[in-house]
Amino acid sequence: MNDKIWLSSPHMGGTEEKYVKEAFDTNWVAPLGPNVNGFEQDLSTFLGNDMHVAALSSGTAAIHLGLVLLGVTASDEVICQSMTFSATANPIVYLGAIPVFVDSEKDTWNMSPELLEEAIKDRIGKGKKPKAIMPVHLYGMPANMLEIMRIAKQYEIPVLEDAAEALGSSIDGRMCGTFGEVAALSFNGNKIITTSGGGALVSADETIVKDARFLSTQARDNAPHYQHSQIGYNYRISNICAGIGRGQMEVLSERIAQRRAVYQQYADRLKDIKGVSFLNEPHGYFSNRWLSTILIDPTTAKCTREELRLALEKENIESRPLWKPMHLQPVFSKYPSYVNGVSEKLFDDGLCLPSGSNLGSIELERVFDVIDKQMR
Ligand SMILES: *Cc1c(COP(=O)(O)O)cnc(C)c1O
């Protein structure tokens, strides 16, 4: 059996161990320390726009704290992109709030601005103005943030961007994660850079980020004893994980270029296969191409998405259907949703292909061999 080819696996740059060793040598084996501060500084510099950053234990924690800091509480409604990973929506339910799912547009696969506005109007008409809007930049492709922010401003609803998959993606040079009032990043093992597990809350508002650091370390008031006037969380990143993050930041630009090169090879090699299509970058959009994705039209292609997935699996190659929309998930189906069929179709026909920045040409040729056999 050939070695397993993963969808997206960690790719160390080489200096991560230096930062981790420093943490050991100085005994900063704690959820604070120089690596945490350094990692936050590196992220802030990378994002530009004077963003402030709180490094946390996961992207999910960042979303959870982001919602808390936007004032979401029990029985509030929060508009959430339906086409996403469950980690976008789960924190809404942690808070006892109600997710209201909005479907995608075809151009970006992310939240449809049209449906967003329809949903806002309808919820207001039903007597409850949504407390926050959560667009996602899936697979690195930016959501239509210009339109989404315009609508959000018009109705005065804050935006929490789920940028977990989109570190380094941008629209007209402005980074994903810098559009909304708050944004969440993830450094889980499969993301474009990783700290093994980790995340960050990002905001232009320094108070929000200071509050995030406060809440993430159990909300301890300034007193010699343990004094609490708010409910806190244990969500800070460790100085060890942040050390990995500092090393990864040194190669982030290279990783983005490598992921984009993988995508380009798929696009070049598969472009003449009948029934296969790609998601192009709209004008001014830049995707980090975290995952390379294709759509397989079952009416014109030689095989279906599922047949190709199984053929790849047989050759020990991991691929995966696109995210199953939240409004179709058993755990979320009872919540309100505004749908247009786009995300359901993407789920039916879409496939994520091996996309790691560490994929070599031998691995990619193995993937192409299977696709050629199945689809030509
Ligand atoms: C990975 C991911 C998250 C969660 O991040 P974790 O660090 O794994 O908690 C949230 N949203 C999206 C879209 C993701 O891909």
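Values in this text are rule-based calculations from the coordinates and carry no lab data. It should be emphasised that the depicted structure is a prediction, and the values quoted were computed from it without experimental measurement. We place every Cβ from the backbone using ideal geometry, glycine too, and count neighbours over all the protein chains shown.
Relative contact order, percent, of the chain when contacts are C-alpha pairs under 8 Å separated by at least 6 residues? It comes to 24 percent, rounded to a whole number. Between the alpha-carbon centres of the range 209-249 and the range 1-73 there is a gap of 13 Å. Between the beta carbons of Lys314 and Asp107, assuming R0 = 25 Å, the FRET efficiency works out to 0.15 to the nearest 0.05.
Over 29 Å apart at the Cα level, from the set Lys21/Lys314; Lys121/Lys191; Lys106/Lys129; Lys18/Lys324; Lys153/Lys191, are Lys21/Lys314; Lys121/Lys191; Lys18/Lys324; Lys153/Lys191. Dipole check for the range 157-284: with +1 at the C-beta of Lys and Arg, -1 at the C-beta of Asp and Glu, and the Cα centre as origin, the magnitude is about 440 Debye.
From the square roots a ≥ b ≥ c of the eigenvalues of the alpha-carbon gyration tensor of the range 275-376, which class results: rounded (a/c under 1.5), prolate (a/b over b/c), or oblate? Verdict is prolate for the range 275-376. Of the beta bridges in the chain, as assigned by DSSP with both residues counted there, near 60 percent are antiparallel. In a simple Cβ point-charge model (Lys, Arg +1; Asp, Glu -1; nothing else charged), the range 80-138 has a dipole of about 380 debye relative to its Cα centre. May I ask you to work out the translational diffusion coefficient for the chain at 37 °C, viscosity 0.692 mPa s, via Stokes-Einstein with Rh from the Kirkwood sum over Cα pairs, reported in whole µm²/s? D = 154 µm²/s. Using a Gaussian network model of the chain in which every pair of alpha carbons under 10 angstrom is joined by a spring, one finds that among Ser333, Ser238, Ser58 the greatest mean-square fluctuation is at Ser333. Spin-label model, Ile362/Ser229: points 7 Å from Cα along the beta carbon direction are separated by 6.3 nm.
The residues neighbouring Asp25, those whose beta-carbon lies less than 13 Å from its own, together hold a net charge of 0 under the Lys/Arg +1, Asp/Glu -1 convention. Between Leu56 and Gly199, Ala200, Leu201, Ile237, the built amide H atoms are under 5 Å apart, and every one of these is 5 or more places off in sequence or on another chain.
Rounded to the nearest whole Hz, the Karplus-based 3J(HN,Hα) values (6.51 cos²θ - 1.76 cosθ + 1.60, θ = phi - 60°) of the range 15-24 follow the sequence 9, 4, 5, 4, 5, 5, 4, 4, 4, 5, with x at glycine and proline. Of the trypsin sites (Lys or Arg not before Pro) found in the range 278-338, the ones in coil according to DSSP and having at most 10 other Cβ atoms within 10 Å of their Cβ are Lys334. What does the charge add up to near Met1, with Lys and Arg as +1, Asp and Glu as -1, over the other residues with Cβ less than 13 Å from its Cβ? Net local charge, Met1 excluded: 0.
Percent of C-alpha pairs per 5 Å bin in the range 129-215, short distances first: 3, 15, 23, 24, 19, 11, 3, 1. Think of it as helices only: each DSSP H run of n ≥ 4 in the chain is worth -39500 (n - 2.57), and spread over all residues that comes to -11500 deg cm²/dmol at 222 nm. In terms of surrounding Cβ atoms within a 10 Å radius of their Cβ, Asp369, Asp268 rank from fewest to most as Asp268, Asp369. The trypsin sites (Lys or Arg not before Pro) of the range 48-141 that meet both conditions, a loop assignment by DSSP and at most 13 other Cβ atoms within 10 Å of the site Cβ, are Lys106, Lys126, Lys128. For Cα pairs less than 8 Å apart in space and 6+ apart in sequence, what is the mean separation divided by the residue count of the range 195-309, i.e. the relative contact order in percent? 18 percent. About its Cα centre, the dipole of the chain is roughly 460 debye, where the only charges are +1 on Lys and Arg Cβ and -1 on Asp and Glu Cβ.
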